[in-house]
Every structure is written in C-alpha cells, then in structure tokens.
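In what follows, a single structure is set out as structure tokens and then discussed.
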Amino acid sequence: MKNKLFTFLALSLLSTLNHPLSTCYAQGTAFTYQGRLNDGPGPATGSYDLQFTIYDSTNSPGTVIAGPLTNSATAVSNGLFTVTLDFGNQFPGADRWLEIGVRTNGGGAFSTLSPRQQLTATPYAVTAGNVTGGVAAGQLTGTISANNLGAGSITTVSLANGAVDSAKILDGTITFADLSSSIGQWAVNGTNVSRSAHGRQDKFMNVSMKCLRERCS
C-alpha cells in the first residue's frame, strides 16, 4: 500500500431512523454516516475501504463496544462519502465514540484516523421508541389502544370512580356473588331477595337474575 496521509475535514451523522416519539412502530438500528476524506493535501476521489468501530471513550486503546464493520470499495467523490452502519442495539444512553480506519481499495493495513468521533443525539432515537422507566402522565397525549396494553396491566386502583357504569357491563356478566348484600331497598341473601319499603318487607324466593335486573314487582 502506498504511504498516504488520510484526514477527515468534517464529519456529520445523519439518521435513517425518522422516529417520531408519538409512534410505537418498530425501528431498525441502522443509521447513515456521512464524512469528508482527504487523501494527502486534497479531497480524495476513488474507491476506499473504510472500517468503523465503536468505543466507550476517546482513551487509547479503550473498550470496543461493537465492530469493526468494514465497508469495502466505498465510493468517494471530491472527498465526500456516505455509508450505512448497523452495530445493532448499542446505544443505551451511554457515551459512544466512532473510530474510523481507511485504506486504498483492496489491500494493506488500515490507517486509523484521529480523533474518534462522538456519536450524538440521533442514534438515541432508537431508545426513544422503547422507553425505559416510568412516563409521567403529563407527557402522554391521546389514547392508548387495547392492543398496546399488556394483559393484567390495568388494576382496580387504576380505575377512576364512576368510570364503569351500567352501559359498560355486558348482560349476564354479574352473578349473585358480585352483588352487595344491600341494593337500595333490595336485600340479597344467596338466592333469596327481599325488599323493604315504608316498614313493610316483601320476600321473593329464588328470584332469577333476569327478574332482578328488570325490577320485578
């Protein structure tokens, strides 16, 4: 390999993860990386092999978090190139730094570019779609559909007073065991129902639930 000086003049990170926080659609972990490469004193043009590795810091050697990924025969025009990188789920919120190696297409060792580039903001949109920890009620808008509720996730204490009225109760779903021993003027004891009014008590033996719902007299 020819002995060349490779440098980056500018680096920018763009994401293919257009991930609005209001949606819960599944997202991938790939993102687009754009950079500008100098080969010697001027902008590079041609095919180059690029190698990408994620570290936990700028310290040398540091801890490798993911990679290396090699993009062979990457087209570079007037110094500019674009690659798609996918390191998997490696952005939990901690600092991440990208180290880049470059060589002329097809042979020799990679020349490591310095300094490592910090990955900021956009890849963490992956985390936004999978919230960790609790979310304050004030941060939620709209409604949550039944499909997005886990089985058994709504308990009695989560229901507002009066939230469940008769219109929301299916016919035939309430049994004697669910009834209070006293319903207005009615008293329930097993299958025996009695009614007290103005000092008089009427007794109805073995009254069916259908009859009770229709207020038998």
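Quick note: the coordinates plus some simple rules give every number you see, no bench work behind them. Model, not experiment: these values are computed from the prediction. Glycine gets a Cβ as well: all are built from the backbone with ideal geometry, and neighbour counts include every protein chain shown.
In terms of surrounding Cβ atoms within a 10 Å radius of their Cβ, ARG103, ARG36 rank from fewest to most as ARG36, ARG103. Restricted to Cα atoms, the stretch 33-76 shows a radius of gyration and a Dmax of 12.9, 33 angstrom. For the peptides 63-75, 161-173, residues were scored by their other Cβ atoms within 10 Å and the scores averaged per peptide; the highest-first order is 63-75, 161-173.
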